[in-house]
Amino acid sequence: MNNPRPAPVAEPEELLHGVGIRLLHGDDGHALAEAYTRNRQHLAPWEPYRSDAFYTAPLQRELIRTRREQLVLGTEVPWVLVEDSGSASAGRRIVGAITLTGIVRCPFLSANLGYWVDHGLLGRGVGTAAVRFAAGYAQRELGLHRLQAATLLHNAASRRILGRAGFREIGVAPEYLQIAGTWQDHLLHQLILPHGQ
């Protein structure tokens, strides 16, 4: 199977409770910088250390350009979660992201899954809906066999999301990622995707 490319999505596909999902656009720099700024304290314990530059539109535009290049190569699929901002002129604001990275073809047919959800949407099922969407896409559109996700050992909320989406815990990876400035152990999860036809 050659590297299938995701079809462009003009409008967000509805996920849950007014939240939609769409591919990351090249012009999302300002909106993504605003979303990360709004969630800076919420995400800090769960992500790598971020310099102040990370929260600016110019750096986000550069990161988006790189991620869109990986999309074209078939090694990454970056989506953003969006919802109405409450202002007709402002449109839909970014309220999270979910990404398949490190997509590897035969014989592995696997990818890593990462995601975050705006602090104002916690407890509404948005994270679970987004993970289920990404898993379905990986199976149907990319023909993948397996997804892997990693959580900090004490990230109970993320572990619940993965469990509700069908992921199973497979072990602990010591000092797996540098999070909040420290190499930290992570619990690895995997989802074996069903094969039809």
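Just so it is clear, none of the values below were taken in a lab; they were calculated from the coordinates. It should be emphasised that the depicted structure is a prediction, and the values quoted were computed from it without experimental measurement. Glycine gets a Cβ as well: all are built from the backbone with ideal geometry, and neighbour counts include every protein chain shown.
Structure values in brief
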read-out: Gain in span if fully extended, R146 to R61, counting 0.36 nm per residue against the direct Cα distance; value: 27.6 nm
read-out: Relative contact order computed over the chain (Cα-Cα under 8 Å; 6+ residues apart), in percent; value: 19 percent
read-out: Residue-averaged 222 nm ellipticity for the chain, from DSSP H runs of 4+ at -39500 (n - 2.57), nearest 500; value: -8500 deg cm²/dmol
read-out: Neighbour net charge for L177 - beta-carbon separation under 11 angstrom, K R +1, D E -1; value: -3
read-out: Local electrostatic count, R164, Cβ distance below 14 Å [Lys/Arg +1, Asp/Glu -1]; value: +4
read-out: Under-5 Å amide H pairs with V95, H placed in peptide plane, nonlocal only; value: L81, V82, E83
read-out: Extended-chain gain in nm, criterion 0.36 nm per residue less alpha-carbon gap, S51 and R124; value: 23.3 nm
read-out: Simple spin-label estimate for L153 and H42 in nanometres, 7 Å along Cα-Cβ; value: 2.7 nm
